[in-house]
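Participant: Below is the structure I would like to discuss, written out as structure tokens.
Quick note: the coordinates plus some simple rules give every number you see, no bench work behind them. All figures in this text were calculated on a predicted structure; none of them were measured in a lab. Heads up, the Cβs are rebuilt from the backbone with ideal geometry, glycines too, and the neighbour counts pull from every protein chain shown.
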């Protein structure tokens, strides 16, 4: 095998709680062909593996795969490619994903947590270019994180690394995830609507339940005071959690990704304004806070970069 794979020989896979993506691309993370599917949790891990296997058969009928990189939505032993568990799709616990994919492709496979892989993508091909270290935080249904140092993922003791979502905000058990995830903001909006059914957010959300946070941006753009209060509260909690990571890890940039980051500049600015107030004077003003640049491509791009490294080490 060549140590420098030709463009298009690499495969990046994202296995998440809501979507499955397989992307063909090159060692720079450039995607040239994509397969995207919606995850059906009821079908479990078996359904996902069947979909992956069928898509791999389709790809291999026309393409040669030099190596595969995977970003998995849950804790992973990156050294072996074995899954610890998934919090969204049953049937993944202790599954040897790396070995399984190697059996299907006959080529090197690298598996890592999806937040780590997204951090790698953003650090080397997105908003983190030119920075080192890079701390990436994904604000989705949960809250995850990844740290990239010297262009490589920081790995601690398996199965976790930079689990920023589980950082405690107080002694009662409140965490960054319980207060700053998309689901947490959904809950806050539902509580607001229950207390004040005539508020602007109630009008924007309508009768639906679930995914209320996606209306926060529109409410902010309309100058809604309730939305501004919710944003400030969430941003302040997130900044407090991030301050612990800054004191311990000293990133030069913090990248905000995930669905909640689509609120955009108001969220970024609020976190950036709150963070210095939680930092010791020697670390002022703290790292830059920026929005992710790769959107839903962060994990596939990072997975391609992983695949490139796997192909090179195998060569």
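Participant: Using a 10 Å cut-off around each Cβ, can you sort 193, 255, 15 from fewest to most neighbouring Cβ atoms? Provide the component values of the computation, followed by the final result.
Facilitator: Details: 193 19, 255 32, 15 28.
Sorted ascending by nearby Cβ count, the order is 193, 15, 255.
Participant: Starting from the Cα of residue 30, step 7 Å along the direction of its Cβ; do the same at residue 170; then give the gap between the two resulting points in nm.
Facilitator: 5.2
Participant: Next question. Roughly how tilted is helix 298-314, in degrees to the nearest 10 and between 0 and 90, from the longest Cα axis of the chain?
Facilitator: The angle comes out at about 30 degrees.
Participant: Then there is this: What does the highest-first list of 205-214, 19-28 look like by mean Cβ count within 10 Å?
Facilitator: Ranking the peptides 205-214, 19-28 by packing returns 19-28, 205-214.
Participant: Right, here's the next one. How big is region 230-315 along each principal axis, measuring the range of its Cα positions in Å and listing the largest first?
Facilitator: 49, 30, 15
Participant: With Kirkwood's inverse mean 1/r over C-alpha pairs for Rh, give me the Rg to Rh ratio of region 128-293, two decimals please.
Facilitator: Using only Cα positions, Rg/Rh for region 128-293 is 0.99.
Participant: Now for a separate question. Multiplying the sequence separation of residue 187 and residue 228 by 0.36 nm and subtracting their Cα-Cα distance, what value in nm do you get?
Facilitator: Contour length minus the Cα-Cα distance gives 13.2 nm.
Participant: Provide the gained length on full extension for the span residue 43 to residue 94, in nm with one decimal, where the gain is 0.36 nm per separating residue minus the Cα-Cα distance.
Facilitator: 16.6 nm
Participant: Return the percentage of antiparallel bridges among DSSP beta bridges fully within region 128-293, rounded to the nearest 5 %.
Facilitator: About 50 percent, rounded to the nearest 5.
Participant: What does the helix-only formula give at 222 nm for the chain: each DSSP H stretch with n ≥ 4 adding -39500 (n - 2.57), the total divided by the residues, and the result rounded to the nearest 500 deg cm²/dmol?
Facilitator: -12000 deg cm²/dmol
Participant: With r defined as the distance between the Cβ atoms of residue 62 and residue 208 and R0 fixed at 35 Å, what FRET efficiency is calculated, to the nearest 0.05?
Facilitator: With a Förster radius of 35 Å, E is 0.25.
Participant: How much FRET efficiency would the formula 1/(1 + (r/R0)^6) give for residue 281 and residue 248, where r is the Cβ-Cβ distance and R0 is 22 Å, rounded to 0.05?
Facilitator: Here the calculated transfer efficiency is 0.80.
Participant: Suppose the chain between residue 149 and residue 80 were pulled fully straight at 0.36 nm per residue; how much longer would it get relative to their current alpha carbon spacing?
Facilitator: Working: separation 69, 0.36 × 69 = 24.84 nm, distance 2.14 nm.
Once the chain is fully extended between residue 149 and residue 80, it gains 22.7 nm.
Participant: In which sequence would 84, 149 go, from the one with the fewest C-beta neighbours within 10 Å to the one with the most?
Facilitator: 149, 84
Participant: Which of 313, 243, 181 comes first, and how do the rest follow, when ranked by fewest Cβ neighbours within 10 Å? Write out the running numbers ahead of the final one.
Facilitator: Values: 313 11, 243 20, 181 26.
Starting with the residue having the fewest Cβ neighbours, the order is 313, 243, 181.
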